[in-house]
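A short write-up of the structure that comes next.
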Amino acid sequence: MIRNVLEIVAFGRMRFVDDRVMSLRDLTGPVKEQYRQRLAESKVQAGWLAFEDGRWRITPCSYVRVPIELLERHFGLNEGDLRRREPASRRYRKIGGRPQKVRFTCKNGKAVALGKGEHKGWVVLTGHPGGRKSHDFIFYDERPEAAFPLEEKEMRAFLQVHADERPENAWNMWKGRVRRGARVPVFFIKDKQQGVQLGLARMFRLPYRCSVHDAIGHTQSEHVANRGTDLPALIFGFADTEHGTASRKGRAWFTPAFAEGNPKPLRCDPTVLATPKPSYFPNYLVQETDPRHPGRLASSEYQTWMSENCEIRGFKRYPARNGEEIKPFPVPEGVRNNKKVQVVLHPLPKGTKFKGKLIFHNLKPEELGALVWALTWGGNGKLRHAIGMGRPFGFGQLTIRIANAELRPNDPKQTIADGLRYCEACMQRFEAMMDGFAQASLGTPWKRTPQ
């Protein structure tokens, strides 16, 4: 909590952010045209994904659509067996659990007869999410000479898009088989600008052009640069997990803070925690607004994760709320019977006090001042910190007051008679340091910067 405040006010790096890749499957929303243009019929290819010699490779092939009623007759199924709203794993079980080899006759890009014909291929089924699904696919005419490896970033994007732990998830069906040498039927788009994007359905979830780290880098390249160390890292330490060569132990840490007395948790009704998702680009990315009409977009299109130079909007913070606004949202109608997604919060009464310690060593006055500023919001008693799972509803708001300060200079000849007054002086030195930096680098006083 304190480190995050310090990262913001001291222009620190966005260190603790996963480099996630979001995906798009928007047929009706504000970015539907981007999706449809990217997945135009002429661009989507088919192939077989395999892990060979330590690398992921795709072997391209041709594909045709095959009517579902033709498949049902060929495999001796009842009418409608393959038209139910089911994931691909359940649909495959009805034809033997995996793609099946068939002969077929092709006319106008569609299979018109199965069990005979001049072509041989493999029946490929995709999930049926609902709606009017009338066709599946046959993959045929492989081109081994055109096989190509996938870059690590391309495969990582595919895995993140399909990272769903539910057993019926299509990739969960395939990944165990891949370890045993099986190949996975995939659809993909390949071009020079965005590389290879792939999925398990013809209209697959399209990985956005930019990841979270890409957008952060567009905002300020120093956030993702592997050079130098920011103030929060100098104080609290950091671990170089990528290279393992520049880790540093922290020089400040907090003890557990224990409640005074015996406060009793308040009773709350069940609620559902709705975490903001980075895929909601109107909030997460900088949007150019019309200066004549605040709150309106300057153009008809949003900046999305597909935009080449999209920028992250900033650090995610939950705003403080007034007492009347602090309450959990009622459980939505659609999940009232689903106890798995419901939680019960146990907030403590207003005014509950905790006591803890901040222990540090070998800090410069400006570094100690930075800690004091972050703890007390620069001495502004109107501002609040927030902790706990109930933050979205306004729970967990708190203020921090420094009750006592025992300070021992590294030089044994020196003494600090009044620790609290010294902390105040250090905070002023921190403010002066930040103001000097902001004036020199940004041409504006520190307290007037967006932070």
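Here are the numbers:
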read-out: Pick from the range 49-63, criterion more than 15 Å from A201 (Cβ to Cβ), under 28 Å from the mean Cα position of the chain (by Cα) and of a type outside the set (V, I, T), ranking: surrounded by the most Cβ atoms within 10 Å (Cβ to Cβ); value: W56
read-out: Test: P278 is touching a residue at least 12 places away in the same chain (Cβ under 8 Å) and not assigned by TED's automatic domain parsing to the domain that holds H346; value: yes
read-out: Qualifying positions in the range 299-326 - more than 29 Å from K382 (Cα to Cα) and either surrounded by fewer than 13 Cβ atoms within 10 Å (Cβ to Cβ) or in contact (Cβ under 8 Å) with a residue 24 or more places away in the chain (or both); value: S299, S300, E301, Y302, T304, W305, M306, S307, E308, N309, C310, E311
read-out: The range 392-451, residues that are out of contact with any helix residue (DSSP H, G or I) (no Cβ under 7 Å at 6 or more places or on another chain), surrounded by 16 or more Cβ atoms within 10 Å (Cβ to Cβ) and part of a loop (DSSP other than H, G, I, E, B); value: F395, G396
read-out: Contacts under 6 angstrom Cβ, first residue in the range 402-424 being without any contact (Cβ under 8 Å) to a residue 12 or more places away in the chain, partner assigned to a loop (DSSP other than H, G, I, E, B), 6 or more apart; value: I416/L407
read-out: Candidate set from the range 372-383 (those that are at negative phi and in contact with a Lys or Arg (Cβ under 9 Å, 6 or more places away or on another chain)); member that is surrounded by the most Cβ atoms within 10 Å (Cβ to Cβ); value: A374
read-out: Per-region count, the range 336-371, residues without any contact (Cβ under 8 Å) to a residue 40 or more places away in the chain and closer than 25 Å to Y422 by Cα; value: 1
read-out: Where G261 falls short, out of the listed (1) on the phi > 0 side of the Ramachandran plot; (2) touching a strand residue (DSSP E or B) at 6+ places or on another chain (Cβ under 9 Å); (3) not charged (D, E, K, R); value: (2)
read-out: Selection within the range 378-391 - part of a helix (DSSP H, G or I) and either touching a residue at least 60 places away in the same chain (Cβ under 8 Å) or β-branched (V, I, T) (or both); value: R391
read-out: Subset of the range 21-32 [surrounded by fewer than 16 Cβ atoms within 10 Å (Cβ to Cβ) and at pLDDT 85 or above]; value: none
read-out: Conditions (1) modelled with pLDDT under 95; (2) over 13 Å from P185 (Cα atoms); (3) among the hydrophobic types (A, V, I, L, M, F, W, C): number failed by A88; value: (2)
read-out: The listed residue being surrounded by fewer than 18 Cβ atoms within 10 Å (Cβ to Cβ) and more than 30 Å from A10 (Cα to Cα), out of V196, V178; value: V178
read-out: Residues located in the range 285-301, provided they are part of a loop (DSSP other than H, G, I, E, B), modelled with pLDDT of 85 or more and not charged (D, E, K, R); value: V286, Q287
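The values are calculated or read from the model by the stated rules, or taken from the named source; none is laboratory data. Since the structure is predicted, the reported quantities are computational estimates derived from the model, not experimental observations. Every residue, glycine as well, gets a Cβ built from its backbone with ideal geometry; the counts of neighbours run over all protein chains shown.
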